[in-house]
Amino acid sequence: MANIKSAKKRILVINKKTEVNKSRKSEIKTYIKKFEKAVAEGNYDLAKELLVMCEKKLYQAAAKNTIHKNAAARKVSRLTLKLNKAA
């Protein structure tokens with residue numbers, strides 16, 4: 001455990017940021033699962049809407065440094081490819 005006041009503060013800040021990042025990642029995973037389910041069921045209109053949401057959430061997470069920007073771009077690319085192959 002830290003003894004220095006500034007180190008204690010950093011621990012609190014890191015814990016808050018960790019919770020926010022976990023929440024963002026969880027939300028993204030949920031949207032991706034919904035997208036994949038819609039594609040599997042053949043509901044392409046819903047899948048297109050969910051793809052837009054996934055893309056938005058991924059790029060927002062990349063902008064906030066929750067995930068790397070190239071990782072976000074890669075995931076969006078793979079999801080788009082999945083929808084195009086299915087449709």
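Each value in this text was obtained by applying a stated rule to the coordinates, not by laboratory testing. Because the structure is predicted, anything quoted here is derived from the model rather than measured.
Relative to the longest principal axis of the Cα atoms of the chain, the long axis of helix 5-41 makes an angle of roughly 10 degrees. Here the sum of -39500 (n - 2.57) over DSSP H runs of 4 or more residues, divided by the residues of the chain, equals -30500 deg cm²/dmol at 222 nm, to the nearest 500. For the chain, find the longest principal axis of its Cα atoms and tell me its angle to the long axis of helix 69-86, 0 to 90°, nearest 10. It is inclined by approximately 20 degrees.
Find the relative contact order for segment 1-66 and round it to a whole percent, using C-alpha pairs within less than 8 Å whose residues are 6+ positions apart. If you can, show how the numbers build up before the last one.
Values: 25 pairs, mean separation 21.1, N = 66.
The normalised contact order for segment 1-66 reaches 32 percent.
Between the Cα long axis of helix 44-63 and the first principal axis of the chain there is an angle of about 20°, rounded to the nearest 10.
In units of 2.2 N^0.38 Å, what is the alpha-carbon radius of gyration of the chain?
Working: Rg = 17.1 Å, N = 87, 2.2 N^0.38 = 12.0 Å.
This ratio for the chain stands at 1.43.
For Lys33, give me every one of the aspartates and glutamates with a C-alpha distance below 16 angstrom, ignoring sequence neighbours fewer than eight places off in its own chain. In chain and number order, the partners are Glu41, Asp45, Glu49, Glu55.
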